[in-house]
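Heads up: the structure comes next, in structure tokens.
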Amino acid sequence: MSKQLNRLSLNKAAALVAIVVGVGGGSYGLASAASGTGSASTTTTSVAAAAPPAGTTAQTPWGHQRSDETLLTGDALAKVTAIAKEKVPGGTIVRVETDADGHAAYEAHMTKADGTPVTVYVDSSFQFVSME
């Protein structure tokens, strides 16, 4: 019978510790959320108006060049630029680079004549893929 009492006491103690830790952790989470000092963050985006990348300005609406994308040079630059200008008449080329997001092999960041940003995607055979 004393073994049963010890197990019962041990189970009660473990349950009490779990409750205390749970309440303490939950209280900390609520306090952090209320004060805005927690380490977790939530990002909400909308399909219609996704938040712009960090470092965006009116001159660079896509942000700075990513470290996993390389600026194009030579024939590749000339071909992708020509396709992009054909697809966006009156547009201005901002940057032409490899595409690390998987849309296509290359991307041309541009500004349309009305100032809105657009990206033209081109595959490795220098064929137009899409525009965003």
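The table below lists the values:
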quantity	calculated
Full-extension gain in nm, Glu132 to Thr70, via 0.36 nm per residue minus C-alpha separation	20.4 nm
Length gained when the stretch Asp101-Ala78 is fully extended (0.36 nm per residue, less Cα-Cα span)	6.1 nm
Probe 1.4 Å - accessible area at Lys79, Å² to nearest ten	100
For region 76-93, 3J(HN,Hα) per residue [Karplus equation, 6.51 cos²θ - 1.76 cosθ + 1.60, θ = phi - 60°, Hz, x = Gly/Pro]	4, 4, 4, 5, 5, 4, 4, 5, 4, 5, 5, 7, 10, x, x, x, 10, 6
Note, ³J(HN,Hα) from phi for region 124-132, Karplus 6.51, -1.76, 1.60, rounded to Hz, x at Gly and Pro	5, 8, 6, 10, 4, 10, 6, 9, 10
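The values are calculated or read from the model by the stated rules, or taken from the named source; none is laboratory data. Quantities reported herein were computed from a predicted structural model and do not represent experimental measurements. Surface accessibility is based on the protein's heavy atoms, side chains included, excluding ligands, DNA and RNA. Shrake-Rupley method; radii C 1.70, N 1.55, O 1.52, S 1.80 Å.
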